[in-house]
Every structure is written in structure tokens, then in C-alpha cells.
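The values are calculated or read from the model by the stated rules, or taken from the named source; none is laboratory data. Owing to the predicted nature of the structure, the values given are computational and were not obtained by experimental measurement. Using ideal geometry, Cβ is built from the backbone for each residue, glycine included, and neighbour counts are taken over all protein chains shown.
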Amino acid sequence: MYYRDDTGGSNMKIIHCADIHLDSKMSANLTKEKARERKTELLTTFQNMVTYGAEQGVAAIIIAGDLFDTKNVSATARNVVKDLIQGHPKIAFYYLQGNHDEGSFTSGLSEIPENLHLFGNNWTSYELSGTENTSGKGVAVTGVELTPENSGSIYNTLSLDVDQCNIVVLHGQESEYSVRDKAEIIHLTALKNKGIDYLALGHIHSYKKERLDARGVYCYPGCLEGRGFDECGEHGFVMLDIDELTGTIDSTFIPFASRKLYTIPVDITGCESTTEIMERMRAETAGKGYPEKSLIKYELVGKIDVESEKDIDFLLHQFSHLFYFVKIKDSSEYLVDYVAFAKDKSLKGEFIRTVMGRADLPEEDKATVIHYGLQALAGEEILDA
């Protein structure tokens, strides 16, 4: 659990992770087959993280909430997690439940593994033991599960030994964010000057580390794997390296997700055909280093002429084989040259003038209605209505 650096000092390593969301359905964007595969990959990534921690000699793994996605945990996920904990007796697992997984795991266990440490509705502290350096600072892990009943007053009852290295674990949303998923608010100001060295948080799905006060920092490690296109970018966990002589904590974000998600904006302004749009899309990804195993969302933006031809199904077919998963979101707008059609006596001109004269139709919708109407007048199949 401990290693000595070249200078003879004693250091301790701890993994801080959160928001794993095991057993997540993964069905928002994916086919049933790929959703099942991603669900399995999520469990495998957690398994790989524990194995990596063991190889690195970590003393502990802190799980700051939402290890599981729901209270209904599959037998496979429960058994894999239990076996991982029991199979690594030299690693202390500190599991603080979040708003998604309250009671989901422990209620299904016949007995709690000796190296699994839990938290409740009042502050609970654990001493990380086994240090080779008895003259150094001790390391304490303290946490509480926030509830509507305790979240307003629990900060006043936090008492820490300021001579120790103090890690505090909470799951919730820091007050500057808007509330999501009914999570409790974490009032950072109430935690200042309490003797905290590292505030290990969970709930926000992207990595963030900021100063808490003159002594400590607070950190969200983010989720271990991105599950949707609102969770693009790097995902993984945080590795803490604690100098036990001084109590100093160095932390490093470790990218660890098996796949990455990317949203790629493609400006199609001026394009007149699907082929031109396809070339723009290729230019945004070709040679840019996007791994084939990635999940990609192309977002078409910009403005094109109302009579331009655009076939989203064809584009999806052209790109879907390039990556693990491809989605195309069309956020582009149509432009109508109203002056050109003002005196057009054809059926097309009459139709455009009629739509433009509709007071009950929002201005932003008129160009889209005209586009599909012109398709219909031309006898074309309306593909993306």
C-alpha cells in the first residue's frame, strides 16, 4: 500500500473516482446491441481501474457517489464489484452513496467486506493505517451522505484534527451550479477553514479542481466513462500522492475511459448539395486523430439556400462505418431570397409569398416550411421533415 521515494520519504497513493453509474441503460443514442456493449464496457473500465490501482500500489479507492445508476442493481454488477473489493484486501474502499445508488449495492450483500468502508447521515471518519513512517502525519478519510434533513446543518458538526492530512468526501452539487437530479447542494463556504486538505466530491460529470481555502482544494474527478454527448471529452479518475511527512497532497487527473465522445460542429454555409456537405464533414475529421472506436456527433450549423438539397440519411450511411457510433444533428438554417420571389408568378413564388404572409407562423419556422414545400412541389420525397 505504501512506497518509498528515492529520497527515503514515505508516500501514499489514493484513487478518487465518482459517478461510475454501473448498470446505466446507455440507450439514449445507441442501438440495443451497442447499448448492451457499452453497459458491459462501463463495468470493465471500473474493473480495469481497480486493477490499475493495485498495480500502482494504492492504499485506498474513494468512490464519491453514484457507483450504480439505479437502486436496481444487476446480479452481475453486484458480484463483480463485490469480488473486486474482496479480491484486493490490501486496498481500503471508501464508498459514499450518491443520489442515484442509495442502498442499491449493500442491501444485496450477505455481508460487508472487511475492506469496504461506508458512510451514513452523520460524519464518519476512518484512519488510513499501515504507514511505515510513524513520525509523519496521519491520513483521515471523513464523509457524510447528504440528505434534505441534514444538508443545512451538517457543516457545523464537522470536526477534524488539523494536525492530520484530512480528506473529506461528499456527493452533491456545489452551489454555483444549477441543481440537477435532485442532488443536495454542497456549500463550499461552510467548509472553508475546517482543516480540509482535499475535498473529494462527486456528482458533476466533468473534471474540476479549485482551491477551497488557503489550506485545501476541492475536486470533482468527473465520470469514469462518458455516457452521452453531454459528457464529451476526457474522462477518468484522480490519483492522489500524499507525502506522509508533510501531509502535502499532489493530485493528477488520469484519463481512463475506453471510448471518447466528440461533438463536431460542421459549418455548411453556402453548400448546395449533400455531396458538398459530405466534403465539409470529411474535412472536419480527416487527419484530426479521432479514434475509430469513438462516438461522434456531427452537428451541422450555418445557413444554406432554401432550395439546397440535403439528405441526412445518405450522410449518416456514408460516415457510420468510420466510427463506433455516428449521429448527425442538423442545426442549420435555411435562407430565403424573398426579393427574388416577390414578383415570381409561378406556383413556387405564390407558395413562398403565402407562407411569408402567415401571421400565425413564427418567423424562424417559415424558411423550413418553405424548404419542405418546395421539395413537395418538385415531386421529391421529403426526407428529413
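If a residue counts only when it is among the acidic types (D, E) and closer than 30 Å to K194 by Cα, which strands (runs of 3 or more DSSP E) contained entirely in the range 217-319 have at least 2 such residues? Even if it seems obvious, please write down each step before you answer.
Values: elements: 217-220, 236-243, 248-255, 261-267, 295-301, 303-305.
Answer list for the range 217-319: 236-243.
Just one of the listed residues (K303, K310, K293) is exposed (fewer than 15 other Cβ atoms within 10 Å of the Cβ) and in contact (Cβ under 8 Å) with a residue 24 or more places away in the chain, namely K293. Note on the range 27-54: among residues that are in a loop (DSSP other than H, G, I, E, B) and hydrophobic (A, V, I, L, M, F, W, C), the one that is modelled with the highest pLDDT is L30.
Every condition in (1) at pLDDT 95 or above; (2) surrounded by fewer than 18 Cβ atoms within 10 Å (Cβ to Cβ) is met by L199 except one, and the failing one is (2).
One residue stands out among those in the range 78-108 that are farther than 21 Å from M49 by Cβ and more than 26 Å from the chain's Cα centre (by Cα): the one that is modelled with the lowest pLDDT, which is G108. If only residues of the range 7-36 that are surrounded by 15 or more Cβ atoms within 10 Å (Cβ to Cβ) and among the acidic types (D, E) are counted, the one that is nearest to D230 (Cα to Cα) is D19.
Give the range 239-250 a look and list any residue that's crowded, with 18+ Cβ neighbours inside 10 Å and either aliphatic (A, V, I, L, M) or touching a Leu at 6+ places or on another chain (Cβ under 9 Å) (or both), or say none. Within the range 239-250, M239, L240, I242, I249 meet the criteria. In the range 105-128, what count of residues is obtained for those that are of a type in the set (G, A, S) and under 25 Å from S159 (Cβ atoms)? Qualifying residue count, the range 105-128: 2.
Restricting attention to the range 55-66, the residues that are buried (at least 21 other Cβ atoms within 10 Å of the Cβ) and either over 15 Å from H100 (Cβ atoms) or at pLDDT 95 or above (or both) total 7.
When you check K71 against the structure, is it farther than 30 Å from H321 by Cβ, among the basic types (K, R) and at pLDDT below 95, yes or no? Judged against the criteria, K71 is a match. In this structure, is Y126 more than 29 Å from Q86 (Cα to Cα) and modelled with pLDDT of 80 or more? Answer is no for this residue.
Scanning the range 299-317 for residues that are of a type in the set (A, V, I, L, M, F, W, C) and either out of contact with any Cys (no Cβ under 6 Å at 6 or more places or on another chain) or modelled with pLDDT of 95 or more (or both) turns up L300, V301, V306, I312, F314, L315, L316.
Just one of the listed residues (K345, K329) is modelled with pLDDT of 70 or more and among the basic types (K, R), and it is K329.
Residues of the range 192-216 being assigned to a strand (DSSP E or B) and of a type outside the set (A, V, I, L, M), which ones?
As a first pass, look at the range 192-216 and keep what is assigned to a strand (DSSP E or B): 198-202, 208-211.
Matches in the range 192-216: Y198, G202, K208, K209, E210, R211.
Run down E234, E272, E210 and say which single residue is without any contact (Cβ under 8 Å) to a residue 24 or more places away in the chain, on the phi < 0 side of the Ramachandran plot and surrounded by fewer than 21 Cβ atoms within 10 Å (Cβ to Cβ). Only one candidate passes the filter, namely E210. Looking at S320 and the list (1) in contact with a strand residue (DSSP E or B) (Cβ under 8 Å, 6 or more places away or on another chain); (2) surrounded by 15 or more Cβ atoms within 10 Å (Cβ to Cβ), which single condition is not satisfied? S320 satisfies every listed condition except (2).
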